[in-house]
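Taking it in order: structure first as structure tokens, then the write-up.
The values are calculated or read from the model by the stated rules, or taken from the named source; none is laboratory data. Owing to the predicted nature of the structure, the values given are computational and were not obtained by experimental measurement. Reconstructed Cβ throughout: ideal geometry from the backbone, glycine too, with neighbour counts over all protein chains shown.
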Amino acid sequence: MPNLSGTFADPMAGYHDWPDFLDRSGTASERGALAGAAGLLGVPRPRPVGAVLRDRPVVSQGVAHTRFSWEVGFGPAMAAWLCHPVDADPARLPGVLYLPSHGGLKEIGAERLLDLPGQPEWLRPLRAGEGGRGAASALAARGVAVLVPDSFTWGARRFDLRGPDGVRPDHATYEALAAAHEDILAKYCTDLGTSYAGMVAHDDLSALQVLRTLCAPGEIGVIGFSGGGGRAAALAALAPGIGRVVVAGMMCTTRSLVPDHTGRHSWLLHAPGLASGPDLPGLAAGTRRHRLMVVYGAADPLFPLSGMRAADAALREAFRAAPGEYHPLWHDGGHVFGITQQDAAFDFLTGGTLPRASSAG
């Protein structure tokens, strides 16, 4: 097995204080099912958010986009963008946390979901699977305060990756380095008593704290596609006070990924004990008190159809006598979250007409 650490000038650059933070923080804990999920993923306890810095808003297509940043106790400062209609006070609007996908794109995080002026041309084809638009901006235009965070290894929270020559890489080189770095990073997480999914969940929980101070009081919605869907499923099991959750393009039984599909996924889907414990459907079901929509693509090449059907069946059973609700939404396409599926998900999040339950594949 190759020693990937030799690929980088400093594989811990920007994060040398991370091990000490883990020693000080302990594991995020709640009672009952929430405590079990936090322990399984090794989610560090987020510290209370202190000072939050705010940039001037950028207005595009009737939506105000404001970048916020704050310290989380280790590594670079956290950042997130708040989106809302330009003529509305976000403090009076319901809040939704929109979690970006993995997408093999680490140099930027939140911006891929925003309609901002001056975005790089290379971003356009990379978000074709999400309808080609800034999905979070489109959701905000419906009268919602949407927070889109960067997270551990993405955007403002990315590692300062350089090759052995120490030269700052261009975009394509950075993404190639980031892909290789994720493997050694997963080993660091294991050695430090956490997991890659747990570290990302830590940052998402911190962003959730900030969103609660920016939007109207009440239940929060959470949505994500692909890796962002996995992040949404984790928050359903980790955070109280979440009312509606959308997991798009990221649901199956993990055991069904072996042997043909495991290599197609990032480390976000792989956490020790997940398959033998709650499994991905169990995470998404969480306390079974929320409303959950799962969007499945019957031709999604990243998941076996049998595994998606099994997850659908498990979730139907989990919510059969629960106070919450489960709403599966199947389409015939592949690994996409297109405009039609987005609009159904946005209706669901904003309390509109619920989609009719569809049969599995």
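I need the full set of residues from region 320-338 which are under 26 Å from R127 (Cα atoms) and either modelled with pLDDT under 95 or surrounded by 15 or more Cβ atoms within 10 Å (Cβ to Cβ) (or both), in order please. Once the filter is applied, which keeps residues that are under 26 Å from R127 (Cα atoms) and either modelled with pLDDT under 95 or surrounded by 15 or more Cβ atoms within 10 Å (Cβ to Cβ) (or both), region 320-338 yields H327, P328, L329, W330, H331, G333, H335, V336, F337, G338.
In this structure, P272 does not satisfy being modelled with pLDDT under 95 and either under 18 Å from G286 (Cβ atoms) or assigned to a strand (DSSP E or B) (or both).
Tell me the residue from A110, A79, A51 that is of a type in the set (A, V, I, L, M, F, W, C) and either more than 21 Å from G155 (Cα to Cα) or surrounded by fewer than 17 Cβ atoms within 10 Å (Cβ to Cβ) (or both), please.
Sole residue among the options that is of a type in the set (A, V, I, L, M, F, W, C) and either more than 21 Å from G155 (Cα to Cα) or surrounded by fewer than 17 Cβ atoms within 10 Å (Cβ to Cβ) (or both): A51.
Checking G249, G224, G193, G230 one by one, the residue that is more than 23 Å from G14 (Cα to Cα) and out of contact with any Ser or Thr (no Cβ under 8 Å at 6 or more places or on another chain) is G230 and no other. For the list (1) touching a Gly at 6+ places or on another chain (Cβ under 6 Å); (2) part of a loop (DSSP other than H, G, I, E, B); (3) under 24 Å from Y326 (Cα atoms); (4) modelled with pLDDT under 95, I need the number of the one condition that M250 fails. Condition not satisfied by M250: (4).
Scan region 60-100 for residues that are in a loop (DSSP other than H, G, I, E, B), modelled with pLDDT of 95 or more and not acidic (D, E) and the total you get is 12. Could we say that A275 is buried (at least 24 other Cβ atoms within 10 Å of the Cβ), under 23 Å from R316 (Cα atoms) and small (G, A, S) here? Criteria not met by A275. For region 21-37, check the following and say yes or no: at least one residue is surrounded by fewer than 15 Cβ atoms within 10 Å (Cβ to Cβ), within 30 Å of A135 (Cβ to Cβ) and either of a type in the set (D, E) or modelled with pLDDT of 95 or more (or both). For region 21-37, residues surrounded by fewer than 15 Cβ atoms within 10 Å (Cβ to Cβ), within 30 Å of A135 (Cβ to Cβ) and either of a type in the set (D, E) or modelled with pLDDT of 95 or more (or both): absent.
Here L302, L268 are screened, and the one residue that is within 30 Å of L185 (Cα to Cα), surrounded by fewer than 22 Cβ atoms within 10 Å (Cβ to Cβ) and not hydroxyl-bearing (S, T, Y) is L302.
So, in region 159-173, of the ones that are of a type in the set (A, V, I, L, M, F, W, C) and within 24 Å of A80 (Cα to Cα), which residue ends up surrounded by the fewest Cβ atoms within 10 Å (Cβ to Cβ)?
By that ranking, first place goes to A172.
Contact map, region 104-121: residues that are over 12 Å from L82 (Cα atoms) paired with residues that are in a loop (DSSP other than H, G, I, E, B) and at pLDDT below 90, Cβ distance under 6 Å, separation 6+ or inter-chain. Pairs shown: R112/R127. The condition of being crowded, with 23+ Cβ neighbours inside 10 Å and assigned to a helix (DSSP H, G or I) holds for only one of A138, A197, A156, A176, that being A197.
Of all residues in region 292-324, those being more than 19 Å from Q342 (Cα to Cα) and either of a type in the set (S, T, Y) or in a strand (DSSP E or B) (or both) number 1.
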